[in-house]
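FYI, it's all coordinate maths here, none of it is from the lab. Since the structure is predicted, the reported quantities are computational estimates derived from the model, not experimental observations. Because the Cβ atoms are built from the backbone with ideal geometry, glycine has one as well, and the counts that use them run over all protein chains shown.
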Amino acid sequence: MAAQTHKPADPDGAAARRDRAVRAAVEQGLVGGADPAPPLTCLLDLAGIRASAAALTGAFAAALPPGTPVLHAFAVKAAPLVPVLRLLADAGLGCEVAGPGELALARAAGVEPHRTVLDSPAKTTAELREALALGIAVNADNRQELARLDALTAAAPTRSPIGVRVNPQTGAGAIGALSTATATSKFGIALRDPGARAWLVRAFLDRPWLTRLHIHSGSQGVPLPLIAQGVRELHALAEEVNTAAGRRQVDTLDIGGGLPVNFTSDAHTPAFGGYVAALRAAVPALFDGSYGLVTEFGRSLLAKHGLVLARVEYTKTTGGRAIALTHAGVQLATRTVYAPQAWPLRILPYDCAGAPKTGGPVVQDVAGPACFAGDLLATGRELPALAPGDLIAVPDTGAYFFTAHYGYNSLPRPAVHGFTATAQGGIRFAEARPAQSLAQIVAEAGGARPDALL
């Protein structure tokens with residue numbers, strides 16, 4: 001990879017805010033080049049998050065007739081932090097949850113039940129009963145879950161909108177593990193399996209309380225045309241069900257999320273406006289107001305607005321290769337470490353004062369702190385020569401990286417701070433999650449019952 005710079009085209013000032021935030025984080029003691037300053041912290045650009053939320057809501061509002069019901073439900077798995085969910089709720093978004101833990105986070109953030117959607121391929125009866133009692137929207141994943149819902153809705157009335165997730169079986173993107181519309185995907189009812197479509201239409205006719213259809217074709221690595229093809233299949237199925245029913249039984253289409261993120265630069269591509277344009281070209285009728293819409297974006301809302309800051313603790317040369325040993329690795333960038341080709345990350349170097357580091361490029365590896373050889377954030381990267389006490393910044397990490405901690409070596413969860421630029425040119429930080437203490441690690445590891453297995 002070519003040598004990286006700090007100042008690409010920056011029309012919204014995000015890179016400039018980032019540089020100011022790095023310097024301020026050092027000055028305010030959130031991270032530092034030497035003890036006792038923390039060797040690792042994580043930052044969220046609050047202005048950037050609000051801008052992404054506005055871009056999403058604005059793109060759909062501009063394309064739909066006034067008054068069309070739309071719920072943009074943030075995929076909680078992308079950033080399961082209560083303050084983040086509260087911030088997004090304040091920006092007009094709801095929550096898409098995939099289990100009781102995520103539902104608990106959404107409720108703690110004050111997200112109302114009618115702005116919450118429950119999706120999961122393995123919902124328990126207790127989870128379904130709770131969702132139906134609260135009035136949370138539920139998307140059934142399979143035939144057996146529909147049978148379970150038959151019993152639950154017969155036993156107690158519910159305000160919950162209920163739908164069915166379908167798998168259009170339209171194919172995989174570049175990352176197989178994130179492609180959910182393959183022929184054998186574990187998600188949803190496979191639309192192209194023999195007899196499945198007819199069975200699904202009949203299932204709706206037999207259940208007047210089924211009013212939604214849901215699809216999610218994948219995320220990173222899935223191109224816009226493939227996402228749009230899946231949505232086109234969903235719309236066609238809704239029309240088929242409504243024609244067979246002789247009425248508008250399906251009134252809402254949950255089109256999922258999955259907009260990919262550009263990890264190679266600061267550019268926000270593809271943009272939400274381009275996503276809407278692709279859908280309008282593929283499914284014009286989706287935007288005529290006939291159906292309410294639900295979206296479930298996660299990574300594309302948060303990724304570009306997160307930053308990992310880690311101290312370079314040591315540097316060394318092994319076999320002619322320069323290596324910088326840092327405090328950021330697999331515990332934060334799990335996917336990058338285990339699948340580096342699919343999840344490459346940029347590395348931005350700063351000096352111990354938080355100023356962008358300059359100098360001729362040196363090919364070097366950037367390694368994490370975990371005790372296995374593959375714990376590398378980057379290999380063979382051309383950067384100014386790193387030295388102990390320098391800092392590395394890892395951008396584009398606001399979704400799925402430091403918010404979904406991996407407890408390898410019992411490495412503690414770092415603090416997460418949101419930052420805002422002040423009118424006076426400063427940076428104000430707000431702690432969204434405190435750093436995990438060693439006492440908390442011990443407690444979670446059964447520290448209160450050391451003799452339990454004797």
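Structure data summary
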{"quantity": "The chain: antiparallel DSSP beta bridges as a percent of all, rounded to 5", "calculated": "50"}
{"quantity": "Ordering of 97-103, 35-41, 353-359, 439-445 by burial proxy (mean other Cβ atoms within 10 Å per residue, highest first)", "calculated": "97-103, 35-41, 353-359, 439-445"}
{"quantity": "14 Å reach of a label modelled at Ala445, 7 Å along Cα-to-Cβ, counting backbone N of segment 413-427", "calculated": "413"}
{"quantity": "Reference-scaled alpha-carbon Rg (2.2 N^0.38 Å with N residues) for segment 31-171", "calculated": "1.27"}
{"quantity": "Relative contact order, percent, the chain [alpha-carbon distance under 8 Å, six or more residues apart]", "calculated": "19"}
{"quantity": "Sequence-distant aspartates and glutamates (8 or more away, or on other chains) whose Cα lies within less than 12 Å of Lys304", "calculated": "Asp45, Asp266, Asp396"}
{"quantity": "Among [x] 71, 61, 46; [y] 66, 50, 43; [z] 60, 46, 43, the entry derived from the coordinates for Cα extents along the principal axes in Å", "calculated": "[x]"}
{"quantity": "Segment Ala430-Asn409, length gained on full extension (0.36 nm per residue, minus Cα span)", "calculated": "4.7 nm"}
{"quantity": "Amide H contacts under 5 Å for Ala378, placed H, 5+ residues apart", "calculated": "Val366"}
{"quantity": "MRE, 222 nm, helices only [DSSP H, n ≥ 4, -39500 (n - 2.57), over the chain, to nearest 500]", "calculated": "-9000 deg cm²/dmol"}
{"quantity": "Computed Kirkwood radius, in angstrom, where 1/r is averaged over Cα pairs of segment 47-302", "calculated": "18.3"}
{"quantity": "Cα gyration tensor shape for segment 312-434, rounded if a/c is under 1.5, else prolate or oblate", "calculated": "oblate"}
{"quantity": "Sequence-separation-based contact order of segment 47-302, relative, with Cα cut under 8 Å and 6+ spacing, percent", "calculated": "21"}
{"quantity": "Spatial separation of Cα centroids for segment 272-332 and segment 187-258, in angstrom", "calculated": "27"}
{"quantity": "Centroid-to-centroid separation of segment 360-409 and segment 60-123 [C-alpha atoms, Å]", "calculated": "31"}
{"quantity": "Extension gain, Asp288 back to Ala154 (0.36 nm per residue minus Cα-Cα distance, nm)", "calculated": "44.8 nm"}
